[in-house]
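The values are calculated or read from the model by the stated rules, or taken from the named source; none is laboratory data. This structure is a prediction, so every number in the text was calculated from the model and none was measured. Because the Cβ atoms are built from the backbone with ideal geometry, glycine has one as well, and the counts that use them run over all protein chains shown.
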Amino acid sequence: MKKQITYNTKNVFVCITIFLVIAGVLNMIYTKPQANVQKPEYVQPAFAKEVVSNTEIEIKPENVNNSERVHNIEVFLEKRNSPLTRYAQEFVLAADYWNIDYRLVAAISVVESGGGINTFRKYNAWGWGKNGFKSWEDGIWSVSEGISKGYYSKGLDTPKEISKYYCPPSSDSWAKKVSNLMKEIGD
C-alpha cells in the first residue's frame with residue numbers, strides 16, 4: 001500500500017524562502033565585488049571629453065591614434081602575437097586617465113599571460129584578482145584603475161615597489177621582467 005504524501009504550502013514556502021536567503025548570503029560572502037569602474041565615454045574617431053577632478057580634458061584622436069606611445073604598445077604586443085595588440089590605444093587612454101605609466105599595464109600583461117595568450121580567467125591577462133573581465137577593454141581600464149588607486153596613490157610607482165604587493169612570492173624577478181619590458185616598449 002502506497003503512502004500518500006501531502007504538502008503544507010506554508011511549510012514549502014518557508015523552506016524555499018530560507019533556501020533563497022541562505023543562497024543570497026553565501027553569494028555575497030563568496031563573490032568578490034567588482035570595482036566600480038566607470039570607463040570614460042569617448043567616440044572614435046571624433047573628439048571626446050573627460051571630466052577628471054573637475055578638470056575637463058580633451059582627448060583628441062590625432063593626439064592618441066597617431067601618438068608614438070600607441071605605436072610603441074602596438075609594436076611591443078604585435079611581436080608577441082598578442083590579442084591585446086588592437087587595444088594599444090586603450091592602454092594609453094586608460095594610463096592617461098588614471099595617471100600611470102602607459103607602459104606598465106601592457107608590460108604586466110606580457111609577464112602574467114604572454115600578453116593575453118594564456119589567461120587563467122576570461123579577458124584577465126594580468127593575473128588580477130580571482131575573476132575575469134567583460135572584455136579586454138574592461139580589463140585594461142580596471143587594472144589601470146586598480147594600479148592607480150592601489151599603488152600609485154600610495155607612492156608606489158615603479159615595478160620594484162609594486163612587486164612586493166602585486167607578486168610577493170617572486171617580487172624581484174617579476175619587477176625585473178616588468179622593468180625590462182617597459183624599457184623595450186620605449187619612453
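Quick notes on this structure:
- Close pairs from the range 71-92: first in contact (Cβ under 8 Å) with a residue 60 or more places away in the chain, partner assigned to a loop (DSSP other than H, G, I, E, B) and of a type in the set (S, T, N, Q), Cβ under 9 Å, at least 6 apart: 76/82
- Filter result for residue 163 (in a helix (DSSP H, G or I), crowded, with 19+ Cβ neighbours inside 10 Å and of a type in the set (Ser, Thr, Tyr)): yes
- Scanning the range 151-160 for residues that are outside any helix (DSSP H, G or I) and buried (at least 16 other Cβ atoms within 10 Å of the Cβ) turns up 151, 156, 157.
- In summary, residue 169 fulfils each of the numbered conditions (1) loosely packed, with under 14 Cβ neighbours inside 10 Å; (2) touching a Leu at 6+ places or on another chain (Cβ under 9 Å) with the single exception of condition (2).
- Every residue from the range 141-170 that is charged (D, E, K, R) and more than 14 Å from the chain's Cα centre (by Cα): 154, 157, 160, 161, 164
- For the range 174-183, the count of residues that are in a helix (DSSP H, G or I) and in contact with a Phe, Trp or Tyr (Cβ under 8 Å, 6 or more places away or on another chain) is nonzero.
- Selection within the range 105-147 - of a type in the set (Ser, Thr, Tyr), over 15 Å from residue 181 (Cβ atoms) and surrounded by 18 or more Cβ atoms within 10 Å (Cβ to Cβ): 119, 123, 142, 144
- Pair list, Cβ < 6 Å and 6+ apart or interchain, from the range 118-140 residues that are within 17 Å of residue 166 (Cβ to Cβ) and without any contact (Cβ under 8 Å) to a residue 40 or more places away in the chain to residues that are in a loop (DSSP other than H, G, I, E, B) and aliphatic (A, V, I, L, M): 119/125
Listed here are the residues, each with its yes/no results for (1) at pLDDT below 95; (2) among the hydrophobic types (A, V, I, L, M, F, W, C); (3) not in a helix (DSSP H, G or I).
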{"residue": "111", "(1), (2), (3)": "no, yes, no"}
{"residue": "117", "(1), (2), (3)": "no, yes, yes"}
{"residue": "127", "(1), (2), (3)": "yes, no, yes"}
{"residue": "130", "(1), (2), (3)": "yes, no, yes"}
{"residue": "137", "(1), (2), (3)": "no, no, no"}
{"residue": "142", "(1), (2), (3)": "no, no, no"}
{"residue": "145", "(1), (2), (3)": "no, no, no"}
{"residue": "149", "(1), (2), (3)": "no, no, no"}
